[in-house]
Amino acid sequence: MFDEMHGQDGQIRAAFHTVRDWLAATPRAVLEAKQAEAERLFRRIGITFAVYSEGGDPERLIPFDIIPRVLGSEEWAHLERGLRQRTAALNAFLNDVYGKREILQAGKVPAALVLANPAYCQHMVGFTPPGGVFTHVAGIDVVRIGPEDFYVLEDNCRTPSGVSYMIEDREVMMRLFPDLFSRASVAPISRYPEDLLETLCSVAPERCEGAPTVALLTPGQYNSAYYEHTFLADEMGVELVEGVDLVVENEVVYKRTTQGLKRVDVLYRRVDDDYLDPEAFRPDSMLGVAGLMGAYRAGNVAIANAPGAGVADDKAIYVYVPEMIRFYLGEEPILKNVPTWDCADPDALAYVLDHLEELVVKETRGSGGSGMLVGPHASAQRRADFALKLRANPSAYIAQPTLPLSTCPTFGPEGVAGRHVDLRPFVLCGGDGIRIVPGGLTRVAMTKGSLVVNSSQGGGTKDTWVLMEPDPQSQSQSQSLSQSKSKSRPSGSQRQSQGR
Amino acid sequence: MLSRTADSMFWLARYMERMDYLARLLEAAQRMSGMGMGEDGDEWGPAIIAAGCEGPFFAHYDKADAANAVRFLAWDTENPCSIRNCLERARANARAMRTALTRDMWNAVNEAWLEARTLTAEDFSPAHLPKTLDWVKGKATLFNGAYASTMLRNDAYWFTRLGAVLERADNTARILDVKYHLLLPGYSGVGGMLDYYQWTSILQAVSAVRAYRWIYKDKVSPLNVADLLIFRTELPRSLKACYGEIVDSFTCLAAAYGGVRGECHDLADAINQKLATQDIAAVFAGGLHEFLTQMIEDTADLGDAVARFYLR
């Protein structure tokens, strides 16, 4: 098992030196107080995760761990190259399967798997979205099992969430431990909202004149990610709209304002495909906008992410992503795929049933860690029950080896101890290129030994640091700056005060 | 801005103002109930009427005694206009348009809501009620300060202010009308001690006892209390002061939107004009209750006109 601070040989890894020194110098009582303060800050900001189906507190906090996870600049550079490559291939794949279907004709990906996939959107066939981009915001879930061993666990090409936690985790850490940041040179991440807005503007329809009007479409305040929707709209300075705020007239999308109807050019939607347009998809949807797909196909609005992008992140399609990279880019994949058994294949099914106690089995359409079997941690009874479900509907499942996810020091009731983590970096694809802020959202399983990091299953988050290259020149510059500062005298004029 | 956002700003401010009013009303009613008036066990009837919810109240309770009235006005989830529900709705509106709120406004509403979740029946017992009502008023004041000092002066601000002053005008008319309902059953002579304390309680409820003394330099009289609450622009809760702000908010909105005016602008001007051309003697001659009833109806019509023109 690989611990990111202690390494495999117990030697503290270079990136973690600052954190190690800080932990050594900080008494447990201080950590406890800071942990409590962090929780107060999150409550105050209102950054909660709503799980309405659970009962109890409908606005609970996702646990936050105050010990940062640190990635060295070289580790990150490697990851970033891999993420760019993978996202480029996913977009090329989406353009292809809704266009010429070359990868299917070449027999690299089974046609039935794509064309009969529920996420394959018939309305997109033969249509090229503005800028040729399908997945504008991709969340690529990465796990690590060794110093050099990064695996992509899954791709999220539809409406990945969590980026607000990435940003707010950093904000809270900077408030709690300003000293710590002065000792480590951590790459900033606060430009994400700006990058996102630039990405969205870069895919504005060609017909749009002047600065495009962007809006964020949310399902509303009962959605579990509603806080994130408000946060991003606010940070980008765009309107947060619900379906009822929009109307389509003559294939143009408008928002209803206090000054009448106003045109919308780019819609960053956080509503699922099925609910986007009751005329095109589910007729009972109250969250969407009637006629939206018509306006989209007429080239009058851009939708991010594009409808139908989900066909690229299906767990059964996942197996073929390395093949996509070779096919479209002519490169070898930089980030590895986890070996995966597709249970639809009888041989694979037989293997999976024989090895349930060492595998993780997932539903191909599942998300958020629900309906998942972690073989080594499940009881014999649960494995037997699961085997029945698996036999009844094998094509609904895939299986992967149980990876020994890396651990990071995490503060809990027993003090500081290693807990398993994963990483979700957010990759932005615009008509003008790919943008990635360094790092991503680190999710951590808060209980000892647990491998399930999903927030809906009690997982927490921690701040993710990417260290900047040590740059001797900039260091000497900042030193001379502070010197000249200390020489200067306060020069403000005196404040007036009450005369008597 | 989005019509839905404007609607949420408008109602956020209205519900916060209404919450404040209910706390003041409960305070006044608690003082008055100590003076032994009204039908036995029904002393809180006027407060229920002044809150504008006798319909839902008597659908749930037989008697307007202290226990029932306090529970209903303060904490009952069955009452759409209880303090608790006002806060609940205010926060739902705030949450629905977090992006239009400044962080201070959000904190004021959200922290009130978080703290309110820890309140228990004990906090509404007669012994603890005054302290709890002070807490409510404090939260409303915090919100008012937050929006007044942190919002940009644009349409979002004018809708917020419009909601607050429209609600305040409505509430002032209602609390002044309490006196009319008090007189009906247990009437014991104008000019008596009881009468004096009832009028004083109304002044206390709107934090205007000192303002009264400052302006009139005289003992509390019905004519002057009504004059203060209706016509004196020095008092920010008077109908005339509220309508001055309402007209001002409409003017700013029209200016922000290229001079476009609608029915709501004309209606506000008409009500404002009526207040400008009347005085308290004329109001008493025509009947205070009749005047206030008309005012409450006009204000409701104005609210509908705002919704038709801007919020849908």
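The values are calculated or read from the model by the stated rules, or taken from the named source; none is laboratory data. Quick caveat: nothing in here was measured; it's all calculated off a predicted structure. Positions of Cβ are generated from backbone atoms using ideal geometry, with glycine treated the same way; all protein chains shown enter the neighbour counts.
So the values come out like this:
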item	result
Tally of residues being assigned to a helix (DSSP H, G or I) and among the basic types (Lys, Arg) across the range A:4-31	2
Filter result for A:Ala348 (out of contact with any Gly (no Cβ under 7 Å at 6 or more places or on another chain) and more than 26 Å from A:Gly139 (Cα to Cα))	yes
Residue satisfying all of: in the range B:22-58; under 15 Å from B:Thr200 (Cα atoms), at pLDDT below 75 and among the small types (Gly, Ala, Ser); surrounded by the most Cβ atoms within 10 Å (Cβ to Cβ) among these	B:Ser33
Test: A:Gly56 is at pLDDT 95 or above, surrounded by fewer than 19 Cβ atoms within 10 Å (Cβ to Cβ) and in a loop (DSSP other than H, G, I, E, B)	no
Count of the range B:152-174 residues which are touching a residue at least 40 places away in the same chain (Cβ under 8 Å), within 14 Å of chain A (Cβ to nearest Cβ) and not polar (S, T, N, Q)	6
Unique residue being more than 30 Å from A:Leu197 (Cβ to Cβ), modelled with pLDDT under 90, surrounded by 15 or more Cβ atoms within 10 Å (Cβ to Cβ) and not aromatic (Phe, Trp, Tyr) when the list is A:Leu481, A:Leu451	A:Leu451
Close pairs (9 angstrom Cβ cut-off, 6 or more residues apart or separate chains): over 19 Å from B:Arg232 (Cβ atoms) in the range B:269-290, at pLDDT 95 or above and not polar (S, T, N, Q) anywhere	B:Asp269/B:Val247; B:Asp269/B:Phe250; B:Ala270/B:Asp298
Helices (runs of 4 or more DSSP H) lying entirely in the range B:224-312 (those with 3 or more residues that are within 14 Å of another protein chain (Cβ to nearest Cβ) and of a type outside the set (D, E, K, R))	B:239-256
Boolean, A:Ala184 is within 14 Å of another protein chain (Cβ to nearest Cβ) and in contact with a helix residue (DSSP H, G or I) (Cβ under 7 Å, 6 or more places away or on another chain)	no
Spans of helices (runs of 4 or more DSSP H) in the range B:52-125 with at least 2 residues in contact with a Lys or Arg (Cβ under 7 Å, 6 or more places away or on another chain) and within 12 Å of chain A (Cβ to nearest Cβ)	B:103-116
Residue ID - modelled with the lowest pLDDT, chosen from residues in the range B:99-132 that are touching a Ser or Thr at 6+ places or on another chain (Cβ under 8 Å) and over 23 Å from B:Phe10 (Cα atoms)	B:Phe124
Filter pass, A:Tyr165 being crowded, with 20+ Cβ neighbours inside 10 Å and either assigned to a loop (DSSP other than H, G, I, E, B) or not charged (D, E, K, R) (or both)	yes
A:Leu405 within 24 Å of A:His78 (Cα to Cα) and not in a strand (DSSP E or B)	yes
Strands (runs of 3 or more DSSP E) completely within the range A:193-310 that count 3 or more residues being within 14 Å of another protein chain (Cβ to nearest Cβ)	A:214-217, A:239-241, A:252-257, A:260-263
Tally of residues being out of contact with any helix residue (DSSP H, G or I) (no Cβ under 6 Å at 6 or more places or on another chain), touching a residue at least 60 places away in the same chain (Cβ under 8 Å) and assigned to a loop (DSSP other than H, G, I, E, B) across the range A:66-109	1
Sole exception among (1) surrounded by 16 or more Cβ atoms within 10 Å (Cβ to Cβ); (2) modelled with pLDDT of 95 or more for B:Ala270, by number	(1)
Among (1) of a type outside the set (Gly, Ala, Ser); (2) under 27 Å from A:Pro219 (Cα atoms); (3) crowded, with 21+ Cβ neighbours inside 10 Å, the one test that A:Asn300 misses	(3)
Failed condition for A:Gln457, given (1) out of contact with any helix residue (DSSP H, G or I) (no Cβ under 6 Å at 6 or more places or on another chain); (2) polar (S, T, N, Q); (3) within 21 Å of A:Val163 (Cβ to Cβ); (4) buried (at least 18 other Cβ atoms within 10 Å of the Cβ)	(4)
